[in-house]
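**Student:** The following block contains the structure, expressed as structure tokens.
The values are calculated or read from the model by the stated rules, or taken from the named source; none is laboratory data. Just so it is clear, the structure is predicted and the values come from calculations on it, not from any experiment. We work out accessible area using only protein heavy atoms, side chains counted, and drop any ligands, DNA or RNA first. Shrake-Rupley method; radii C 1.70, N 1.55, O 1.52, S 1.80 Å.
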Amino acid sequence: MRIRELLGVALAIALGARAMYAEEERSASEPFTGALAEVTEAAPQPVRNRAHRPGREVVTLRYFKIKAGTFTEFLAASRDGVWPYFEKIGARVIGMWRVVPVPGAKPDARDYDEVYLATRYASIEHWAATRDTVAHGGNGPDWEACKRGLDLRDSLTLATHVLFLEGELAPGGPYFMPGLPEKYEQVK
């Protein structure tokens, strides 16, 4: 493991989560694959899946450094092309977020945006199986839409890495209950 990978694991452990860290380094001329297997066969490849294999659920937290000002396009490629296919093969996307400046902070002049994507998988084995997408979900029209989305994301991605987190999701979801703008009077 490189120093950076060890630091990622140490940080996750320090935060109370068991994690694995992986980073895909590449030169500007190399394509980003997200560790997906290369698809070389053009013939239709239908797939019949086995029964669900229970495992220890993991959440991946993937970081993307993307070209500045491209988040809307990056999100649309993910939401409309990539996510439906990954949902089909059992992954559950939690969401994607762009890092925004703290309100009132001095704006910086970076030439990139930072994005985080959180996705749930049934297990690390499940995540690994999704790297060979066509063997897991076929190569029909939904795969073609996924591939177009992945290619677009690739063209916008400058760097990426992923953390694997094990833990437990809290029950319920967030809620916001602002106070009502009412005045109260004491009854005598």
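**Student:** Step through the residues of segment 84-94 one at a time and calculate ³J(HN,Hα) from phi using the Karplus curve (6.51 cos²θ - 1.76 cosθ + 1.60, θ = phi - 60°), rounding each to whole Hz and writing x for Gly and Pro.
**Tutor:** My calculation for segment 84-94 gives x, 5, 5, 5, 4, 8, x, 6, 10, 6, 7 Hz in order.
**Student:** Using a 1.4 angstrom probe, figure out how much accessible area segment 54-142 has per residue, in square angstrom, rounded to the nearest whole. Write out the running numbers ahead of the final one.
**Tutor:** Numbers: 4640 Å² over 89 residues.
With the other protein chains kept in place, segment 54-142 gives 52 Å² per residue.
**Student:** Return the carbon/sulfur percentage of the accessible area of segment 99-143, one whole number, probe 1.4 Å, all protein chains in place. Kindly include the intermediate steps, with their values, before the conclusion.
**Tutor:** Values: 1470 of 2450 Å².
Of all accessible area on segment 99-143, carbon and sulfur atoms account for 60 percent.
**Student:** To the nearest 10 Å², what's Trp97's accessible area with a 1.4 Å probe?
**Tutor:** 130 Å²
**Student:** What are the ³J(HN,Hα) couplings of segment 107-123, residue after residue, when phi is run through the Karplus curve with 6.51, -1.76, 1.60 and θ = phi - 60°? Round to Hz, x for glycine and proline.
**Tutor:** Along segment 107-123, the couplings run x, 9, 10, 6, 9, 8, 10, 10, 9, 10, 10, 10, 9, 9, 10, 5, 5 Hz.
**Student:** Further question on the same structure: Under 27 Å between alpha carbons, and skipping anything fewer than 8 positions from Lys147 in its own chain: which lysines qualify?
**Tutor:** Straight-line reach from Lys147, under 27 Å: Lys65, Lys67, Lys88.
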